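**Q** Let me give you the structure first, and then I'll get to my questions.
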Amino acid sequence: MLFFPPLQVGRHVSPSTLFAVASILEGCAYINGSPQNTFVPGAVELAQQRRVFISGDDFKSGQTKIKSVLVDFLVSAGIKPTAIVSYNHLGNNDGMNLSSPQQFRSKEISKSNVVDDMVRSNPVLYREGEKPDHCVVIKYVPYVGDSKRAMDEYTSEIMMGGTNTIALHNTCEDSLLASPIILDLVILTELCQRITFRTDSDPDFQSFHCVLSLLSYLCKAPLVPQGAPVVNAFFRQRACIENTLRACLGLPPQNHMQLEYKMQRSCLPASIPVATAKATAALSNGYYTPLIINGTSNGLHEH
């Protein structure tokens, strides 16, 4: 078996990796909800050989979910985040485990990498290799129990050398946020096990890659097939799931362009209803406006 040699020479194999291997050998999909380095190359290779789905890493429940939305918004708006500082304290078992330096380092990596692809998406704001200063602090405070406290500060550069600072405070019940994520992951994974498809170039039906990156929407550090781009932007991850489900129903992907509603002369067939537009007042600049009556275009009407 793949993992006997490392064990025989005395190398450390994490318990989560052993659980993952046992699950794969049983033909059962394995979802890694923790930040540990569970999916070592041998585990991924075994999943590929057995054609068993694996996914991870680290459930995206509170602070990181907000970060994947806010940084995407700032970068897309041309506002350049230059420093992100995230502080957490909590008192449940997760907090106790993260008091271990090795465990914390894994969590720090999964929380810090969430902004990387959004930064790379805007080469106008960020030079090659440039990214914001990013500091993550997690403290174990037993008294607060499952009530996790998160404080974030986002400092950004704006026009003419100015700065913009956003400060957030979030108190949440950690387990109650994570529980529905677990349900969603199980339901989506089970659904993906039922889906097969074929392409024009390959007539044989196939399933998704064993590394189920479709579930990135629910994970802090998305696991993707080798060579595939990592996407952390929250709404792009959600759109991936939405468009995949639309494809299963034979519907085109949703791109939100809606060009048919932005044309001077509508290209919609008469059978598709559109909002009825009443004739407007004459435009002072002499421009023409389309007159649409009962969903059909009546050409151009000059006022």
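The values are calculated or read from the model by the stated rules, or taken from the named source; none is laboratory data. Source: prediction; values computed, not measured. Here Cβ is always computed from backbone atoms with ideal geometry, including for glycine, and neighbour counts include all displayed protein chains. Ligands, DNA and RNA are stripped out before the accessible areas are found, and what is left, the full protein with its side chains, is counted by its heavy atoms. Shrake-Rupley method; radii C 1.70, N 1.55, O 1.52, S 1.80 Å.
**Q** For the stretch 80-95, enumerate the residues that are buried (at least 19 other Cβ atoms within 10 Å of the Cβ) and aliphatic (A, V, I, L, M).
**A** Within the stretch 80-95, Ile84, Leu90 meet the criteria.
**Q** Now, a different point. How many residues does the stretch 39-58 contain that are among the β-branched types (Val, Ile, Thr) and open to solvent by 20 Å² or more (accessible area, probe 1.4 Å)? Please lay out each step first, then the result.
**A** So in the stretch 39-58, the residues among the β-branched types (Val, Ile, Thr) come out as 40, 44, 52, 54.
Filter once more, keeping what is open to solvent by 20 Å² or more (accessible area, probe 1.4 Å): 40, 44.
Adding up the residues that qualify gives 2.
**Q** Regarding the stretch 267-288, can at least one residue be identified that is modelled with pLDDT of 80 or more, farther than 28 Å from Arg50 by Cα and out of contact with any His (no Cβ under 9 Å at 6 or more places or on another chain)? Before the answer, list the steps.
**A** Kept after step one, since they are modelled with pLDDT of 80 or more, are these residues of the stretch 267-288: none.
No, the stretch 267-288 contains no residue that is modelled with pLDDT of 80 or more, farther than 28 Å from Arg50 by Cα and out of contact with any His (no Cβ under 9 Å at 6 or more places or on another chain).
**Q** Now a separate question. Looking at Asp152, Asp184, which one is in contact with a helix residue (DSSP H, G or I) (Cβ under 8 Å, 6 or more places away or on another chain), closer than 30 Å to Phe39 by Cβ, open to solvent by 60 Å² or more (accessible area, probe 1.4 Å) and at pLDDT 90 or above? Full working, then the answer.
**A** Working: Asp152 fails: open to solvent by 60 Å² or more (accessible area, probe 1.4 Å).
None of the others qualify; the one that does is Asp184.
**Q** Considering only the stretch 39-103, give the helices (runs of 4 or more DSSP H) lying wholly within it that have at least 2 residues that are among the charged types (D, E, K, R) and out of contact with any strand residue (DSSP E or B) (no Cβ under 8 Å at 6 or more places or on another chain). Let's see the steps before the verdict.
**A** Working: elements: 41-50, 63-76, 93-97.
Filter on the stretch 39-103 gives 41-50, 63-76.
**Q** Now a separate question. Among the residues in the stretch 132-148, are any part of a loop (DSSP other than H, G, I, E, B), touching a strand residue (DSSP E or B) at 6+ places or on another chain (Cβ under 7 Å) and hydrophobic (A, V, I, L, M, F, W, C)?
**A** For the stretch 132-148, residues part of a loop (DSSP other than H, G, I, E, B), touching a strand residue (DSSP E or B) at 6+ places or on another chain (Cβ under 7 Å) and hydrophobic (A, V, I, L, M, F, W, C): present.
**Q** Only one of (1) open to solvent by 30 Å² or more (accessible area, probe 1.4 Å); (2) modelled with pLDDT under 80; (3) more than 30 Å from Tyr154 (Cβ to Cβ) is not met by Gln36, so which one is it?
**A** (3)
**Q** A follow-up question, please. Pick out, from the stretch 153-269, the strands (runs of 3 or more DSSP E) lying fully within it that include 1 or more residues that are more than 23 Å from the chain's Cα centre (by Cα) and either within 28 Å of Val114 (Cβ to Cβ) or in contact (Cβ under 8 Å) with a residue 60 or more places away in the chain (or both). Full working, then the answer.
**A** Working: elements: 163-173, 197-199, 202-206.
Strands (runs of 3 or more DSSP E) meeting the threshold: 163-173.
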